[in-house]
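Student: Take this structure, written in structure tokens, and hold onto it; I'll ask about it next.
The values are calculated or read from the model by the stated rules, or taken from the named source; none is laboratory data. Since we're looking at a predicted model, the values are computed, not measured. Reconstructed Cβ throughout: ideal geometry from the backbone, glycine too, with neighbour counts over all protein chains shown. Side chains are part of the model used for accessible areas, which takes the heavy atoms of the whole protein and leaves out ligands, DNA and RNA. Shrake-Rupley method; radii C 1.70, N 1.55, O 1.52, S 1.80 Å.
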Amino acid sequence: MIKLVRVDYRLLHGQVVFAWTNFVGADCILIACDEVAQNENRKSALRLARPASCKLVFKSVAQAVQAINSGVTDKYKLLILVETIGDARKLCEGCPSIRTVNLGLSKQREGTREIGKAVYATPQEEEDLKALSQSGVVLEIKQAPNDKGEKLGD
Amino acid sequence: MKTIILLSHGELAKGMADTAQMIMGKQKNLYAISAYTEENVNFPAMVKKLIQSSPGETVLVTDLMGGSVNNQMIELAAQTGAHLISGMNLTLVLSLLNDDPSLSTSQWIELALSDAKNGIVYCSRLSQPVQDDDF
């Protein structure tokens, strides 16, 4: 079962490894990212961060959607990491069973606006979030599991 | 809930606590004492007080095996039943912050120590694993 879907441009790093993985009791981490899936250097770096108790699987977003819908991931307590808000939208549109998305870290770039703590969105990304919200996905801004957290309205 | 007290010569303990909380969020049971700085002249007394007012067991984590901070804690730990670990690193502290009430305190500490030691890796020398995990 999917325990957490998190948008985090750093993907697998300290906070995710130590705080979130333990909090949700994950035994498998899925990094759903087109670029990473075929970039050995990025995969090597990310593999170093893998917590001992977890499998670490790399897939493109499309392959991730396919895997989830096929049921092969059901037996895991799965933590899914996506790099961007756009990827989160693609994932959720492909897998309507995902009802919550954690935000996460979204990088500040040219043209972005701060919409929450550590979450910066371009106009397109704000559209993506709106679309997710309208389809009933709950968007929660939270860095560490024991932070107060803030639900993003539309 | 276990009380965790980080102790070091100078500011390492405070820095460690700061970094750990950046990753894990604010932790109510985490204390840091930077010994031999202006304010902490009698740090053993401070530690004793914290141990006595702790709601659960206490784990003391010092910077250096054989260092005076650790040496001064040995007797206090023996007297109070607090658990003493030397050689703090961030991995150790993070592992300790993930409590596991299903384990005895010593078992839980042993696991944290194992994580801590396994986290010290000569990354440049790692060879590529042959196969990625799949579902």
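Student: From the list B:99, B:132, which residue is in contact (Cβ under 8 Å) with a residue 40 or more places away in the chain and of a type in the set (Asp, Glu)?
Tutor: On the way: B:132 fails: in contact (Cβ under 8 Å) with a residue 40 or more places away in the chain.
B:99 is the lone residue from the list that is in contact (Cβ under 8 Å) with a residue 40 or more places away in the chain and of a type in the set (Asp, Glu).
Student: Mind counting the residues in region B:79-101 that are away from chain A (no Cβ under 12 Å) and at pLDDT below 90? Reasoning before the result, please.
Tutor: If we filter region B:79-101 for residues that are away from chain A (no Cβ under 12 Å), which is where we start, we get B:79-89, B:101.
Now restrict to residues that are at pLDDT below 90: B:101.
Number satisfying all stated conditions: 1.
Student: Has region A:65-79 got any residue that is over 26 Å from residue A:147 (Cβ atoms), away from chain B (no Cβ under 14 Å) and aliphatic (A, V, I, L, M)?
Tutor: Here is the first cut: in region A:65-79, the residues over 26 Å from residue A:147 (Cβ atoms) are A:65-75.
Pick out the ones that are also away from chain B (no Cβ under 14 Å) and you get none.
Checked against the condition, which is being over 26 Å from residue A:147 (Cβ atoms), away from chain B (no Cβ under 14 Å) and aliphatic (A, V, I, L, M), region A:65-79 yields no hits at all.
Student: Could you list, in sequence order, all residues of region A:119-148 that are farther than 22 Å from residue A:95 by Cβ, open to solvent by less than 60 Å² (accessible area, probe 1.4 Å) and within 14 Å of another protein chain (Cβ to nearest Cβ)?
Tutor: Those that are farther than 22 Å from residue A:95 by Cβ, open to solvent by less than 60 Å² (accessible area, probe 1.4 Å) and within 14 Å of another protein chain (Cβ to nearest Cβ): A:143, A:144, A:145, A:147.
Student: Taking the condition more than 23 Å from residue A:134 (Cα to Cα), modelled with pLDDT under 95 and touching an Asp or Glu at 6+ places or on another chain (Cβ under 8 Å), does residue A:10 pass? Even if it seems obvious, please write down each step before you answer.
Tutor: Working: more than 23 Å from residue A:134 (Cα to Cα): yes; modelled with pLDDT under 95: yes; touching an Asp or Glu at 6+ places or on another chain (Cβ under 8 Å): no.
No.
Student: Among the residues of region B:102-129, how many are assigned to a helix (DSSP H, G or I), free of Cβ contacts under 8 Å to residues at least 60 places away in the same chain, in contact with an Asp or Glu (Cβ under 9 Å, 6 or more places away or on another chain) and not aromatic (Phe, Trp, Tyr)?
Tutor: To start, the set of residues in region B:102-129 that are assigned to a helix (DSSP H, G or I) comprises B:105-118, B:123-125.
Next cut, free of Cβ contacts under 8 Å to residues at least 60 places away in the same chain only: B:106-118, B:123-125.
Within this subset, residues satisfying the condition of being in contact with an Asp or Glu (Cβ under 9 Å, 6 or more places away or on another chain) are B:107-108, B:111.
Add one more test, that the residue is not aromatic (Phe, Trp, Tyr), and what stays is B:107, B:111.
Qualifying residue count, region B:102-129: 2.
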